[in-house]
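Undergrad: This is the structure, below, for whatever I ask next.
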Amino acid sequence: MKFSAILLLLALSLSVPCRSQSLPQPAAVAIIPQPVELKLKNGLNFQLSNNTLILISDPELTKSADFLADYLLRYYHIHIGIARYTHNENRKNAIRFLRTASVAPHHDQYRLSVTSDVVELTASSDKGIFYGMQTMLQLLTLPGNGQIRPEIPCAEVLDYPRFDYRGMHLDVSRHFFGTTFIKRYIDYLAFHKLNYFHWHLTDDHGWRIEIKKYPELTRIGAWRKGTIIGLYPGVGNDGKRYGGYYTQDEIKDIINYASDRYITVIPEIEMPGHSLSVLAAYPDLGTEPDKKYEVAQTWGIFNKFNNVLQPTEKTFRFLENVLTEVMDLFPSPYIHIGGDECSRIWWKRSPVSQQIIREKGLKDENDLQNYMINRIGKFVNSKGKTIIGWDEILEGSLQADAVVMSWRGEKGGIYGVKTKHRVIMTPENFLYFNHAQSVKEDSLTAAKYLPLSSVYNYDPVPNSLSPAEAGYIWGAQANLWTEYISNPSKAEYMLFPRLDALSELLWSPGKKRNYDDFLRRLRVQMKRYDAWGVNYNSSLGPGQKNESKALVGH
Ligand code: ACM
């Protein structure tokens, strides 16, 4: 080769703006949930090192900066400093978090701009900065690929969520999960830009929250004598004492942990049904006070066992005292009061209940349930908070501010919208993550099938609603009931990757959804899960047998 040709090649290579070896393949740029706008640009990748600084414009942005610094340390072994922006305005090799005074047109909107020299993240809220930082983590070189320095490709992102309520639920009554896992679970929600954690703390199978005024709730109500073996109705009982609960200090710690990740924790205290753990502790609150109530050991007990509260003044005092402690503990403006699957047969049979129905001028047992929900709803209002309940709370007339969680399909949600209630969609045929996600699972699940594609293609706004009515759909959430989920590894397996599909239907513009592209991005996300040590279902096709790691327990 002639010298001039070599010079020409050299000049060409110098004028190429990106070092090809360090630019991620476009296929590797894979963000979940898909941002509203993402443009990759030419330029050398931004390189992170121990010399990179996170610069923050406000002390409130420390939460996001700390989260990023912890992440970089844990997965890339990089020690990154945090400093105030105002003293370092011209610094290169910086990640700038800037809160702007001008209010963005969309809630929680952020802009992310990456050049070779600086990463600039701007938003008018600290929450927006947190979400932008989550997107940035997904633009980073994947952790665990042996590369010492993580890099970010030059890009521009403009992004904001489609729904304001983006929730995930966990049932800790059927099986109990310790605080270490609860924190991990909250991290998973944060990585997916979810903002509500619905903590199902009480049910027939165990009461899981310390209430100082009623110590028997946890001394007795948190423990069962055994657990059904196998799929309901089961093949026996393991005869092992099982239980656990969270102290109020542990709960405060969880709430703070979630708050640092912009997640509101909504506690659920079930009533008037699903109350067997209450009745085991305080039988006087039941319709058969002489009965030897026991914390439930078998699943599927709706209608079969008496798990219903007697609607006496004593019961209302109990509920109000419990809720007062709960509301003092949880800063959430919303308290979930259950309201689902309350069998009427026990009130029908109880002379005391019948007397109360007459005294209050109520029509029947349905009216009684409605009376109880509205009375508790008003009590919760008196503390400045709002109730959420499963869609059964719509039976009868429901107070205007109550929020409806539509679980028995979308019918309840549509009725809630028509009666001008805010609605959270969580239909069991699309968003119950306790259902199997592969045709053949290698461990027990509820006997229903919910593949990833069905979750992905679910739209929380039913076609039949007008644009004005659609405004009542606050968002959606998926539920993880834990009859057949007895340990964190199994919980992760049932959660992933359906959580990715959930995050996209909640965050990304409805028109942008594309299942094939989602699967492409998910394959990259799974490498991140490998680095994080997450157990997930790796079979991406419909109806495939799963290829998960071995599971233990149910
Ligand atoms: C429910 O699944 N019973 C809300």
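The values are calculated or read from the model by the stated rules, or taken from the named source; none is laboratory data. The structure displayed is predicted, hence computed values, not measured ones. Please note: Cβ atoms are built from the backbone with ideal geometry, for glycine as well, and neighbour counts cover all protein chains shown. Just the protein is used for accessible areas: all its heavy atoms, side chains included, with ligands, DNA and RNA removed. Shrake-Rupley method; radii C 1.70, N 1.55, O 1.52, S 1.80 Å.
Undergrad: Residue by residue through segment 408-454, note down the ones that are of a type in the set (Phe, Trp, Tyr) and over 27 Å from Leu519 (Cα atoms).
TA: Tyr415
Undergrad: Are there helices (runs of 4 or more DSSP H) fully within segment 405-498 with at least 1 residues that are of a type in the set (S, T, N, Q) and either open to solvent by less than 20 Å² (accessible area, probe 1.4 Å) or within 15 Å of the ligand (Cβ to nearest atom) (or both)? List them.
TA: 428-431
Undergrad: Follow-up. Quick check on Val235: is it at negative phi and buried (at least 17 other Cβ atoms within 10 Å of the Cβ)? Explain how you work it out, then say what you get.
TA: Details: at negative phi: yes; buried (at least 17 other Cβ atoms within 10 Å of the Cβ): no.
No.
Undergrad: Tell me whether segment 193-213 contains one or more residues that are among the charged types (D, E, K, R), in a loop (DSSP other than H, G, I, E, B), free of Cβ contacts under 8 Å to residues at least 60 places away in the same chain and surrounded by fewer than 24 Cβ atoms within 10 Å (Cβ to Cβ).
TA: yes
Undergrad: For segment 190-208, which residues satisfy the criterion of being under 19 Å from the mean Cα position of the chain (by Cα) and among the hydrophobic types (A, V, I, L, M, F, W, C)?
TA: Correct list: Ala190, Phe191, Leu194, Phe197, Trp199, Leu201.
Undergrad: Just checking, does segment 328-340 include any residue being closer than 19 Å to Ala222 by Cα, surrounded by 19 or more Cβ atoms within 10 Å (Cβ to Cβ), at pLDDT 95 or above and within 16 Å of the ligand (Cβ to nearest atom)?
TA: There is at least one residue in segment 328-340 that is closer than 19 Å to Ala222 by Cα, surrounded by 19 or more Cβ atoms within 10 Å (Cβ to Cβ), at pLDDT 95 or above and within 16 Å of the ligand (Cβ to nearest atom).
Undergrad: Just checking, does segment 257-270 include any residue being among the polar types (S, T, N, Q) and assigned to a loop (DSSP other than H, G, I, E, B)? Reasoning before the result, please.
TA: We begin by selecting, within segment 257-270, every residue among the polar types (S, T, N, Q); these are 259, 264.
Going one step further and asking which of them are assigned to a loop (DSSP other than H, G, I, E, B), we end up with none.
No, the conditions are met nowhere in segment 257-270.
Undergrad: Those residues that are more than 21 Å from the chain's Cα centre (by Cα) and either modelled with pLDDT of 95 or more or over 17 Å from Lys440 (Cβ atoms) (or both), I need them from segment 531-554; list them, please.
TA: Within segment 531-554, Ala531, Val552, Gly553 meet the criteria.
Undergrad: Here is a further query. Quick one: in segment 499-515, which of the residues that are modelled with pLDDT under 95 and among the charged types (D, E, K, R) is surrounded by the most Cβ atoms within 10 Å (Cβ to Cβ)?
TA: The residue in question is Arg513.
Undergrad: Cβ-Cβ under 8 Å, sequence separation 6+ or interchain: first residue in segment 325-347 and without any contact (Cβ under 8 Å) to a residue 12 or more places away in the chain, partner within 16 Å of the ligand (Cβ to nearest atom). Which pairs?
TA: Final answer for the pair search is none.
Undergrad: Taking the condition of being of a type in the set (Ser, Thr, Tyr) and in contact with a Gly (Cβ under 8 Å, 6 or more places away or on another chain), how many residues in segment 53-75 meet it?
TA: 1
Undergrad: Sticking with this structure for a sec: Tally up the residues in segment 341-370 that are buried (at least 19 other Cβ atoms within 10 Å of the Cβ) and within 16 Å of the ligand (Cβ to nearest atom), please.
TA: Looking only at that region, the number is 2.
Undergrad: Please tell me if Tyr75 is open to solvent by 30 Å² or more (accessible area, probe 1.4 Å) and either at positive phi or in contact with a Leu (Cβ under 6 Å, 6 or more places away or on another chain) (or both).
TA: Details: open to solvent by 30 Å² or more (accessible area, probe 1.4 Å): yes; either at positive phi or in contact with a Leu (Cβ under 6 Å, 6 or more places away or on another chain) (or both): no.
The answer is no for Tyr75.
Undergrad: Here's another thing I want to ask about it. Modelled with pLDDT under 95, of a type outside the set (Lys, Arg), open to solvent by less than 80 Å² (accessible area, probe 1.4 Å) and touching a Pro at 6+ places or on another chain (Cβ under 6 Å) - does that describe any residue in segment 86-93?
TA: no
Undergrad: Any residue in segment 389-402 that is within 26 Å of Phe433 (Cα to Cα), assigned to a strand (DSSP E or B), open to solvent by less than 30 Å² (accessible area, probe 1.4 Å) and in contact (Cβ under 8 Å) with a residue 60 or more places away in the chain?
TA: no
Undergrad: Looking only at segment 268-314, filter to residues that are within 27 Å of the chain's Cα centre (by Cα) and at pLDDT below 95; which one of those is least open to solvent (accessible area, probe 1.4 Å)?
TA: Ile301
Undergrad: Also, I was wondering about something else. Return only the number of the condition from (1) modelled with pLDDT of 95 or more; (2) touching a Phe, Trp or Tyr at 6+ places or on another chain (Cβ under 7 Å) that Thr482 does not satisfy.
TA: (2)
Undergrad: While we're here: Could you tell me whether segment 141-155 includes any residue that is open to solvent by less than 10 Å² (accessible area, probe 1.4 Å), touching a His at 6+ places or on another chain (Cβ under 6 Å) and not in a helix (DSSP H, G or I)?
TA: no
Undergrad: Filter segment 120-147 for residues that are closer than 14 Å to Tyr71 by Cβ and aliphatic (A, V, I, L, M) and give the result.
TA: Within segment 120-147, Met133, Met136, Leu137, Leu139, Leu140, Leu142 meet the criteria.
Undergrad: Further, regarding this structure: If you go through segment 45-67 one residue at a time, do you hit one that is among the charged types (D, E, K, R) and part of a strand (DSSP E or B)?
TA: No, the conditions are met nowhere in segment 45-67.
Undergrad: Which of the residues spanning segment 156-188 are open to solvent by 30 Å² or more (accessible area, probe 1.4 Å) and either under 12 Å from the mean Cα position of the chain (by Cα) or basic (Lys, Arg) (or both)? Let's see the steps before the verdict.
TA: Within segment 156-188, the first condition is being open to solvent by 30 Å² or more (accessible area, probe 1.4 Å), and the residues that meet it are 156, 160, 162, 164, 176, 178-180, 183-184.
Across segment 156-188, the qualifying residues are Arg162, Lys183, Arg184.
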